[in-house]
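As structure tokens, the structure follows; a few thoughts come after it.
Derivation of every value follows stated rules applied to the coordinates shown; laboratory data play no part. Note that the structure is predicted; figures quoted are calculated from it, not measured. Don't worry about glycine lacking a Cβ; one is built from the backbone with ideal geometry, like all the others, and counts go over all protein chains shown.
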């Protein structure tokens with residue numbers, strides 16, 4: 001364990017606004033903490049709440065970078081707070097809620113509603129006419145395909161890509177990295193019976209893959225390092241071939 | 001939605017795997033279903049399950065010959081004969097169906113690769129030829145306490161993949177989910193459950209939900225161990241707590257608390273058993289594999305209770321590795337190689353990088369045992385119907401169904417969520433079909449008023465009381481230090497006294513935050529008393545149980561005692577009552593006679609009565625404890641004696 005010698009005093013500037021309080025106005029508050037070894041923003045924010053301001057709102061659940069609850073703007077960049085070590089940050093730390101989502105309060109935003117709506121709109125589930133037969137052996141799949149699906153299935157819907165996306169910040173219906181990745185995940189799943197025309201309708205438009213400005217901040221900030229560049233390439237290629245096939249008919 | 005009264009057919013409290021799978025069953029039966037969840041459902045703690053889901057498909061070479069009977073045998077042995085054997089049997093029989101159903105929902109299970117495969121087994125690299133005709137079937141990895149490789153997995157993100165697939169089905173069926181809501185009390189008339197009072201965690205307001213059937217699937221209560229747990233911050237036992245508050249519904253085996261051998265130091269984050277299943281070792285300060293000598297047969301893959309105790313002993317004897325966070329041991333997975341670690345154990349790779357800054361292909365991982373799983377919970381019959389309160393059901397970790405007894409096997413809980421979700425959801429749906437919604441809203445508004453008053457009282461209280469966070473930390477210390485892996489009567493008595501003091505402190509604690517809305521301090525304060533009450537049931541249950549069984553180990557009573565303690569602890573404790581009330585019931589019909597588990601100690605105190613005599617008393621004794629009848633006869637799902645053909 002490479003424990004760093006930490007004697008720093010950390011200075012936090014944190015966005016505050018409680019929409020449930022008529023007297024609350026958006027502002028920032030300052031807090032100071034002594035840094036400790038392996039301190040993460042999960043530890044730091046809980047210390048601030050418990051020692052300085054018990055009204056501070058933020059979201060954590062698994063605190064192990066798996067559940068996706070705790071994304072926020074850390075010094076201007078979307079990140080999972082639970083796995084952000086303070087030792088990787090300067091002494092001055094600015095924390096703001098993710099943009100592009102509705103604010104719940106302080107650092108807490110409503111990602112749940114955004115993602116549920118996205119899943120409904122893209123019908124992000126396996127479309128299969130086959131009924132489940134409890135007596136039958138499982139449908140076979142090559143391990144390579146399973147591994148490829150899993151690679152894209154790993155999205156934890158934290159919202160970092162949405163918050164970092166130029167298109168999603170001006171159009172709240174743009175699917176962003178998470179939405180397009182979700183489509184790609186089902187498109188490559190042989191169990192999903194949707195045909196090219198259906199995929200084309202879903203993805204080949206301004207709110208899908210052609211609404212992307214190509215800045216690709218999503219790929220830079222994704223905490224799971226999902227292959228979002230490949231996702232865009234894959235979806236554009238698929239859209240093109242579907243479009244060409246339709247023209248030939 | 002701002003109404004103070006909401007109605008639905010089936011209310012599901014908890015949006016993890018068990019709750020959502022119940023909801024699917026109820027919705028498929030045509031019911032209107034409402035799911036309440038503390039967090040968006042995909043953030044539920046089910047997503048953190050890593051290594052696998054046990055189901056006896058028998059698809060690869062090391063799984064050959066596996067079947068539900070072997071799975072049943074492993075589960076009962078793992079439970080140290082604390083399980084209800086009929087429930088273990090139902091579970092083992094349906095687990096393969098549940099896993100295949102998840103494949104149908106879209107889980108990308110890791111598959112058999114026909115041809116030559118390399119595995120690590122007991123420290124040796126082994127080459128095995130998987131049958132070409134099995135190529136593409138769901139494959140298995142090894143886990144602790146099992147005779148066969150049985151854990152089905154999707155890399156080390158099995159819970160994530162399963163939860164997302166099940167939630168897809170929930171969305172597809174159009175089931176209503178209200179996230180950021182918390183059930184804070186059950187509505188009941190003394191014999192029937194009528195719904196729940198809910199706090200909206202966006203606005204801080206309360207409302208009532210009236211339902212024909214109510215299912216609690218809120219997961220475990222690991223956070224009563226403070227920071228000494230792998231559990232998410234939301235695993236505060238809220239569902240078990242509101243059931244206990246009724247004073248009617250008992251909690252079962254609360255003292256049965258699992259400690260997972262390998263959690264990361266210092267954060268307590270889980271490192272999957274799949275690491276050892278895939279061939280990882282445990283090392284002491286001298287880099288010796290201490291498990292080889294201590295458990296020659298199963299080595300690192302004995303059950304979790306046994307491995308955790310060996311680790312605690314090694315550290316107690318001074319062979320732990322010193323660190324600023326206390327002693328720990330090493331998990332060594334370097335020899336599995338980077339390719340394996342970055343595919344089959346990818347989540348472990350990420351966790352090591354993110355939280356201790358190390359590369360597990362090059363460095364040893366600092367680990368030690370930490371609270372992980374709650375075998376105890378809301379006591380239900382084999383249909384998931386809670387004892388004592390008609391129309392209340394429970395499933396998953398929140399329930400004591402009770403297939404785990406005093407120790408759960410790795411991979412069995414993830415499978416339980418889906419299997420019990422199917423079964424309990426079906427029974428809750430059938431119950432709702434035969435019911436009309438009760439229109440006596442008076443009881444609902446009374447319960448609502450009580451909950452609102454409780455919050456208002458917290459806000460109004462002034463004085464010099466302790467902070468709720470301070471009390472929480474003190475609770476965690478008491479639980480880990482005195483109700484932990486090794487327990488003694490003296491320490492448990494101290495724990496009971498200290499928890500009693502903390503309950504007093506809680507009644508006088510004062511909030512510093514008076515903000516309207518969620519008020520995170522108030523939100524936690526409203527749960528704290530329930531957590532302390534759950535802690536008390538664990539400590540007192542452990543004090544009363546003067547034997548050692550599974551994860552409950554008394555150094556002053558080190559033997560399993562089948563003569564006096566082949567039973568299940570039940571505890572009832574109404575919200576306004578001073579002391580919890582304990583009673584005991586037989587574990588269930590016994591098919592597999594109590595014996596040696598195949599690992600751990602072989603010494604025990606034998607039953608005095610015959611199994612036939614024991615079994616004769618089970619239905620009557622359990623009925624006296626409030627068990628409501630199932631439509632099926634007790635014991636009808638046991639395949640009696642089937643184990644004789646496979647017992648090794």
Review point. To the nearest whole number, what is the average tally of beta carbon atoms from other chains within 10 Å of the beta carbons of peptide B:166-177?
Key: 3
**Study point:** Percent of beta bridges antiparallel (DSSP, chain A, rounded to nearest 5)
**Key:** 80 percent
Review point. For region A:1-70 and region B:247-295, what is the separation of their Cα centres, given in Å?
Key: 30 Å
Review point. What distance in nm separates the simple spin-label points at residue A:216 and residue B:609, each placed 7 Å from Cα in the Cβ direction?
Key: 7.2 nm
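How large is the translational diffusion coefficient of region B:179-297 in µm² per second when you combine the Kirkwood radius over alpha carbon pairs with Stokes-Einstein at 20 °C and 1.002 mPa s?
Answer from the Stokes-Einstein relation: 121 µm²/s.
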Check your understanding: Roughly how compact is region A:81-207, stated as its Cα Rg over 2.2 N^0.38 Å to two decimals?
Key -> 1.32
Practice item. Would you mind estimating how fast the protein assembly as shown diffuses translationally, via Stokes-Einstein at 4 °C and 1.567 mPa s with the Kirkwood radius over Cα pairs, in µm²/s? Key: 47 µm²/s
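Checking the a/c ratio against 1.5 first, then a/b against b/c, what shape does the Cα gyration tensor give for region B:1-86?
The shape class here is prolate.
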Check your understanding: Quick one: length gained pulling residue B:131 to residue B:353 fully straight, 0.36 nm per residue minus the C-alpha distance?
Key -> 76.3 nm
Check your understanding: If you project the alpha carbons of region B:28-136 onto the principal axes, what extent comes out on each, in Å, largest first?
Key -> 51, 34, 28
Exercise for review: Can you tell me the relative contact order of region B:157-253? Whole percent, Cα pairs under 8 Å, sequence separation 6 or more.
Suggested key: 19 percent
Practice item. Taking 7 Å along the Cα-to-C-beta vector as the label spot, tell me the residue B:289-residue A:229 distance in nanometres, rounded to one decimal. Key: 4.1 nm
Check your understanding: If you average the sequence gap of Cα pairs under 8 Å that are 6 or more apart and divide by the length of chain B, what percent do you get for the contact order?
Key -> 20 percent
Point to revise | Cα-based helix-to-principal-axis angle, B:304-316 vs chain B, degrees rounded to 10 | key: 80 degrees
Check your understanding: How many nm separate the modelled label positions at residue B:645 and residue B:342, each set 7 Å beyond the Cα in the direction of the Cβ?
Key -> 4.7 nm
Point to revise | Structure-based [θ]222 nm, the protein assembly as shown - -39500 (n - 2.57) summed over DSSP H runs of at least 4, per residue, nearest 500 | key: -10500 deg cm²/dmol
Revision key, fill the gap. Rounded to two decimals, the Debye log10 I(q)/I(0) of chain B (Cα scatterers, no solvent) at q = 0.05, 0.08 Å⁻¹ is -0.20, -0.54
Review point. Can you give the average number of partner chain beta-carbon atoms within 10 Å of each beta-carbon in peptide A:64-76, as a whole number?
Key: 5
Revision key, fill the gap. Checking rank on B:400-413, A:184-197, B:627-640, with mean other Cβ inside 10 Å and highest first, the result is B:400-413, A:184-197, B:627-640
Review point. When the Cα centres of region B:532-591 and region A:196-226 are compared, how far apart do they sit, in Å?
Key: 55 Å
Practice item. Would you compute the Debye intensity of chain A from its alpha-carbon atoms alone, equal scatterers and no solvent, and pass along log10 I(q)/I(0) at q = 0.11, 0.16 Å⁻¹ to two decimals? Key: -0.68, -1.14
Check your understanding: For helix B:611-624, what angle does its Cα long axis make with the longest principal axis of chain B, in degrees from 0 to 90 and rounded to 10?
Key -> 20 degrees
Exercise for review: Along each of the three principal axes of the Cα atoms of region B:468-532, give the extent in whole Å, ordering the values from largest to smallest.
Suggested key: 45, 21, 16
Study note, to complete from the structure: Helix A:228-248 sits off the longest principal axis of the Cα atoms of chain A, rounded to the nearest 10 on a 0 to 90 degree scale, by 30 degrees
Review point. So, in Å, what gap is there between the alpha-carbon centers of region B:443-483 and region B:179-202?
Key: 17 Å
Review point. Out of the DSSP beta bridges found with both residues in chain B, what percent are antiparallel (nearest 5)?
Key: 65 percent
Check your understanding: For q = 0.10, 0.11, 0.20 Å⁻¹, what log10 I(q)/I(0) does region A:18-133 give under the Debye formula with an equal point scatterer on each alpha carbon and no solvent?
Key -> -0.38, -0.45, -1.17
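Of the beta bridges DSSP finds with both residues in the protein assembly as shown, what % are antiparallel, to the nearest 5? Please report the intermediate quantities before stating the final value.
Numbers: 69 of 99 bridges.
Beta bridges within the protein assembly as shown, antiparallel portion: roughly 70 percent.
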Study note, to complete from the structure: The answer for the per residue Cα convex hull volume of region A:148-207, in Å³, is 80 Å³
